[in-house]
1. Per residue of region B:103-115, in order, report the coupling 6.51 cos²θ - 1.76 cosθ + 1.60 (Karplus, θ = phi - 60°) as ³J(HN,Hα) in whole Hz, putting x for Gly and Pro.
2. With +1 on the Cβ of every Lys and Arg and -1 on the Cβ of every Asp and Glu, and nothing else charged, how large is the dipole of chain A about its Cα centre, in debye rounded to the nearest 20?
3. Could you compute how much accessible surface residue B:26 exposes when probed at 1.4 Å, giving the result in Å² to the nearest 10?
4. Just to verify a number: FRET efficiency for residue B:11 and residue B:69, C-beta to C-beta distance, R0 = 35 Å, to 0.05?
5. Going from most exposed to least, what order do A:58, A:44 have by accessible area with a 1.4 Å probe?
6. Return the FRET efficiency for the residue pair residue A:57, residue B:54: r is the Cβ-Cβ distance, R0 is 41 Å, and the value is rounded to the nearest 0.05.
7. Between residue A:71 and residue B:28, how many nm apart are label points set 7 Å from Cα along the C-beta direction?
8. Which of the lysines could a cross-linker span from residue B:11 if the Cα-Cα distance has to be under 22 Å and same-chain partners fewer than 8 positions apart are dropped?
Amino acid sequence: ELKVEQNPLFLSMQEGKNYTIYCNYSTTSDRLYWYRQDPGKSLESLFVLLSNGAVKQEGRLMASLDTKARLSTLHITAAVHDLSATYFCAVDMADQFYFGTGTSLTVIP
Amino acid sequence: DAGITQSPRHKVTETGTPVTLRCHQTENHRYMYWYRQDPGHGLRLIHYSYGVKDTDKGEVSDGYSVSRSKTEDFLLTLESATSSQTSVYFCAIRLASGASYNEQFFGPGTRLTVL
């Protein structure tokens, strides 16, 4: 069974600071996805990473994938309050997605 | 918005009663999924479908059944609801193409409370 671990589970950071969320997974996969979820809402797709070395950036968020290390990172640059949400990574394996437990991010003014 | 709706959006029911949740999509996607979301567990797959009348179990399928009699609808049934099935349920569709681009898009969710 594929295991997906995210850390940290909770992250409180000040506006303007940088931080990285990590997503480790237990078996080989070339496809990894990042989602954002606001409280009481559904999941919104952020990034699709389809190969080793893939890097995607959108605004203050940048995601990367290292399939050899089975690691993806979500880097936050100069955090702003609007980035407060829960972030999930998901690994694609044999028709199924396996989700991490999520990282709850709070950006403090 | 991938044209996914879920009904009902909220439901409170009693232990032992049957419950059916509906997921409806308007864009003819082949793959549909049911997940439950609980604090500390992320999203866990209950069942999924890869076509009409083609379904398979996920990680947490015990106590749940599904049906897909037409492409646009995927039903999740709790035969006899228990308090442990109190959760938020999300339906998802998967984009599938020859480029192996398998992104999933999620419905708005159904909050189910079993008393």
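The values are calculated or read from the model by the stated rules, or taken from the named source; none is laboratory data. Just so you know, these numbers come straight off a predicted model, no measurement behind them. Using ideal geometry, Cβ is built from the backbone for each residue, glycine included, and neighbour counts are taken over all protein chains shown. Just so you know, the surface numbers come from the protein's heavy atoms only, side chains and all, with ligands and any DNA or RNA stripped out. Shrake-Rupley method; radii C 1.70, N 1.55, O 1.52, S 1.80 Å.
1. Rounded to whole hertz, the list is 4, 9, 10, 10, x, x, x, 10, 8, 10, 10, 10, 8.
2. 200 debye
3. It works out to around 100 Å².
4. 0.95
5. A:58, A:44
6. 0.60
7. 4.5 nm
8. Cross-link targets: A:41.
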